[in-house]
Amino acid sequence: MLVNGTWTADWHPVQASDAKGGFVRQISGFRHWITPDGSAGVTGEGGFKAEADRYHLYVALICPWASRTLIARKLKGLESVISVSVVEPWLLEQGWHFGDYPGADHDDINEVEWLHQLYTLADTHYTGRATVPVLWDKKLKTIVNNESADIIRMLNSGFGSLASAAMDLYPPEFSKEIDQLNEEIYPTLNNGVYRAGFATTQISYEEAYHDVFTMLQALETRLSDGRPFLVGAQFTEVDIRLFVTLIRFDTAYHGLFKCNFRQLRDYSQLNRYVKRILDIPGIRDTVNLDHIKQGYYSIKALNPNGIAPVGPDMSDYGF
């Protein structure tokens, strides 16, 4: 991680632990918002006006949080407005690296080798982990935001007429229901798989494990009434946030993270739900199972020899 702008230790998945040995995730450090007129958003400072070709998104295809932003960018028609760079899939000693692995890029915007160098470009005294996604301002040469939940909201509404109005990912009539679902799904499932995989005690692992499968069953039941998406007929941001976890479940979380009570394919409703989302134009393009597999199984703390599994068979999902 970075301490006062200097890289001080090899990358490690456990950011912090609670009293029970449970995994605690770092809070995002940059929380500015892009708005149509450049006024301040709900957090941070103003000065980040929506403009074409001003902003750049740094992502890892392994990462569910970064993939949220890629999906929002696709669905809001912002591909020609916001450029993208993809890091290599492996989690190396200095974290995320730019390079030549298929599907990855070099950083042509700032010409850095490591993602953490972007953080020190934005703040020479930055202390913390260098995470993806990063939404970068090419004009001011700084990080706008590194919190995926914020970024998908601003991609939905912060770019005004530059974005497509065909799909509203946070419709006002469903906002309370979306917020409630996000609050329920994030700790138990989105972050629950990480709490299980990176637990340092048996009790913290078992608590996370039970949270994961309790929530999966609750979602299976919710979808059993025939609704196509979580709030009904309309696809929203809560579906994005759930999908990016589900599509990684059998490949990474079931085995490597020891969430092995059931696979996703064992839930008939959730299985059909994921296939339905993959059929939405553009979403399949954001999923790279090779990066996902290579990335998760490169975590030495969980897989010291770095051997990536051949399976599982994902052909029923079209991969």
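The values are calculated or read from the model by the stated rules, or taken from the named source; none is laboratory data. Everything numeric in this text was worked out from a predicted model, so none of it was measured. As a convention, Cβ positions derive from the backbone with ideal geometry for all residues, glycine included, and neighbour counts pool all protein chains shown. Surface accessibility is based on the protein's heavy atoms, side chains included, excluding ligands, DNA and RNA. Shrake-Rupley method; radii C 1.70, N 1.55, O 1.52, S 1.80 Å.
Cross-link partners of Lys49 among lysines, defined as those whose alpha carbon lies under 28 angstrom from its own and excluding same-chain residues fewer than eight positions apart: Lys74, Lys76, Lys138, Lys139, Lys141, Lys176.
Highest mean packing first, where packing is the average number of other Cβ atoms within 10 Å per residue, the peptides 111-117, 237-243 line up as 237-243, 111-117. For the chain, the relative contact order comes to 20 percent (Cα pairs under 8 Å, sequence separation of at least 6).
The listed residues Ser80, Ser164, Ser67, once ranked by accessible area (1.4 Å probe) with the largest placed first, stand as Ser80, Ser164, Ser67.
Each label point was placed 7 Å from the Cα along the Cα-to-Cβ direction; for Arg284 and Ala301 their separation is 3.6 nm. At a 1.4 Å probe radius, carbon and sulfur cover how many percent of the accessible area of the chain? That fraction is 51 percent. Using the 1.4 Å probe convention, the accessible area of the stretch 103-252 works out to 39 Å² per residue with neighbouring protein chains retained.
Legend: residues Ile71, Ile280, sorted from most to least accessible area (1.4 Å probe; ligands, DNA and RNA excluded), read Ile280, Ile71. One decimal place: the segment Phe319-Tyr170 gains 50.7 nm when fully extended, by the rule 0.36 nm per residue minus the C-alpha distance.
Note on the stretch 196-281: dipole from Cβ charges, positive end direction compared against Val212, Ala196, Pro281; the farthest Cα belongs to Pro281. Think of each Lys and Arg Cβ as +1 and each Asp and Glu Cβ as -1; about the Cα centre, that makes the dipole of the chain roughly 360 debye.
With the charge dipole of the chain set up from +1 on Lys and Arg Cβ and -1 on Asp and Glu Cβ about the Cα centre, the Cα lying farthest toward the positive end among the listed residues Cys63, Trp136, Pro171 is that of Pro171.
Which percent, to the nearest 5, of DSSP beta bridges fully inside the chain are antiparallel? The antiparallel proportion sits near 75 percent.
Spread over its residues, the convex hull of the C-alpha atoms of the chain is 133 Å³ per residue. Would you list, by chain and number, the lysines whose Cα falls below 19 Å from the Cα of Lys293, excluding same-chain residues fewer than 8 positions away? Hits, sequence-local ones excluded: Lys258.
Each part reduced to its alpha carbon centroid, the stretch 238-274 and the stretch 168-209 end up 13 Å apart.
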